[in-house]
1. Take the residues in the stretch 39-55 that are in contact with a helix residue (DSSP H, G or I) (Cβ under 8 Å, 6 or more places away or on another chain) and over 17 Å from Arg20 (Cβ atoms); name whichever of them is surrounded by the most Cβ atoms within 10 Å (Cβ to Cβ).
2. Restricting to the stretch 49-70, count the residues that are part of a loop (DSSP other than H, G, I, E, B) and not small (Gly, Ala, Ser).
3. Out of all the residues in the stretch 78-88, which are over 18 Å from Gln48 (Cα atoms) and either among the polar types (S, T, N, Q) or modelled with pLDDT of 80 or more (or both)?
4. Could you count how many residues in the stretch 12-48 are hydrophobic (A, V, I, L, M, F, W, C) and outside any loop (DSSP other than H, G, I, E, B)?
5. Which of the residues that make up the stretch 18-36 are over 15 Å from Tyr57 (Cα atoms), surrounded by 12 or more Cβ atoms within 10 Å (Cβ to Cβ) and of a type in the set (Gly, Ala, Ser)?
Amino acid sequence: MTWQRIIQRRANTRPHARHRRTFAVSGDELVLAFVKAKKNPTTKQINQHWKSRGRAYTADNTLTKLVKEKKLKRTLSDITSNAVLPHIR
């Protein structure tokens with residue numbers, strides 16, 4: 001096999017760059033609408049809803065952003081001290 005063929009094979013097998021997906025509803029809007037509809041859901045419930053809408057990973061980054069923007073308020077659950085419940089302000 002010549003060097004030109006080896007170089008050509010390597011060029012053809014490079015992985016393609018990932019593309020971000022776009023959704024009709026933004027992540028912030030999705031979380032806020034779910035919290036309003038569900039009334040005090042847990043982080044786990046929000047993440048399950050996030051996944052059910054075809055989104056990757058979890059909504060944790062979005063939740064943190066909304067808390068920093070004071071659109072949500074996190075409080076400890078009465079059931080366990082580890083669970084976090086977001087509340088709309």
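1. Of the residues in the stretch 39-55, the ones in contact with a helix residue (DSSP H, G or I) (Cβ under 8 Å, 6 or more places away or on another chain) are 41, 43, 45-47, 49-50, 53, 55.
Narrowing further to those that are over 17 Å from Arg20 (Cβ atoms): 41, 43, 45-47, 49.
Values: Pro41: 17, Thr43: 17, Gln45: 14, Ile46: 24, Asn47: 18, His49: 19.
Of everything passing the filter in the stretch 39-55, Ile46 is surrounded by the most Cβ atoms within 10 Å (Cβ to Cβ).
2. Here the count works out to 6.
3. Across the stretch 78-88, the qualifying residues are Thr80, Ser81.
4. Counting residues in the stretch 12-48 that are hydrophobic (A, V, I, L, M, F, W, C) and outside any loop (DSSP other than H, G, I, E, B) gives 8.
5. Across the stretch 18-36, the qualifying residue is only Ala33.
The values are calculated or read from the model by the stated rules, or taken from the named source; none is laboratory data. The structure presented is a predicted model; accordingly, all values stated were derived computationally and were not measured. When we count neighbours, we look across all protein chains shown, and the Cβ atoms used for this are built from the backbone with ideal geometry, even at glycine.
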